[in-house]
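Below: the structure, in structure tokens.
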Amino acid sequence: MKLIRFHTIEDGASHFQEIEVPTSQSQPSSAGGILKQSTVWPSPGIRFVELPAGLDQSWHHAPARQIVVVLSGCVEVETSDHEKRRCVAGQAFIADDLTGTGHSTRVIGGPATVMFVELPAGFNVEKWSA
């Protein structure tokens, strides 16, 4: 499973990175078949947010290291190198730019609903996705 991550690089700019989430743990399903899943981790917090149509947030940092799951609508994120990515319902990205220039966020074409899943302190994205 692939996720898009945006994070701060050495010069303080934000940048996109595609990471592979390993689903290497197998578990039999009571309905038959084998479930492939990632490792589990505790989350300090989960929240749901309704973003209004036309929302256009200028440059800002993520308030916490978090996975953002788009539940409805379309959200566009721009990094400081002016690359843009859109996520629609069913897609997720990791917001991981707590310093530097940050990113901008726009809601495209109507309202959007997102779920923020905060990552625990010390969570190592590189190790998790290796």
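The values are calculated or read from the model by the stated rules, or taken from the named source; none is laboratory data. Treat the numbers as computed from the prediction; the structure is a model and nothing was measured. Note that each Cβ is placed from the backbone with ideal geometry, even for glycine, and that neighbours are counted across all protein chains shown.
Observations on the model:
- Considering the range 74-90, the residues that are without any contact (Cβ under 8 Å) to a residue 40 or more places away in the chain and not β-branched (Val, Ile, Thr) include one that is farthest from Ala112 (Cα to Cα), namely His82.
- Search result, residues across the range 97-130 that are touching a strand residue (DSSP E or B) at 6+ places or on another chain (Cβ under 8 Å), within 25 Å of Ser24 (Cβ to Cβ) and either at pLDDT 95 or above or of a type in the set (A, V, I, L, M) (or both): Met115, Val117, Glu118, Leu119, Val125
- Picking from residues in the range 23-58 that are among the hydrophobic types (A, V, I, L, M, F, W, C) and at pLDDT below 95, the one that is nearest to Gly122 (Cα to Cα) is Trp41.
- Candidate set: the range 34-51, residues that are without any contact (Cβ under 8 Å) to a residue 12 or more places away in the chain and loosely packed, with under 11 Cβ neighbours inside 10 Å; chosen: the one farthest from Val114 (Cα to Cα): Ile34
- Counting residues in the range 108-121 that are within 12 Å of the chain's Cα centre (by Cα), within 15 Å of Ile19 (Cβ to Cβ) and surrounded by 13 or more Cβ atoms within 10 Å (Cβ to Cβ) gives one or more.
- From Ser24, Ser80, residue being exposed (fewer than 12 other Cβ atoms within 10 Å of the Cβ) and of a type in the set (Ser, Thr, Tyr): Ser24
- Filtered residues of the range 1-22 (kept if basic (Lys, Arg) and over 16 Å from Asn124 (Cα atoms)): Lys2
- Count - residues of the range 78-117 that are closer than 15 Å to His7 by Cα and not hydrophobic (A, V, I, L, M, F, W, C): 17
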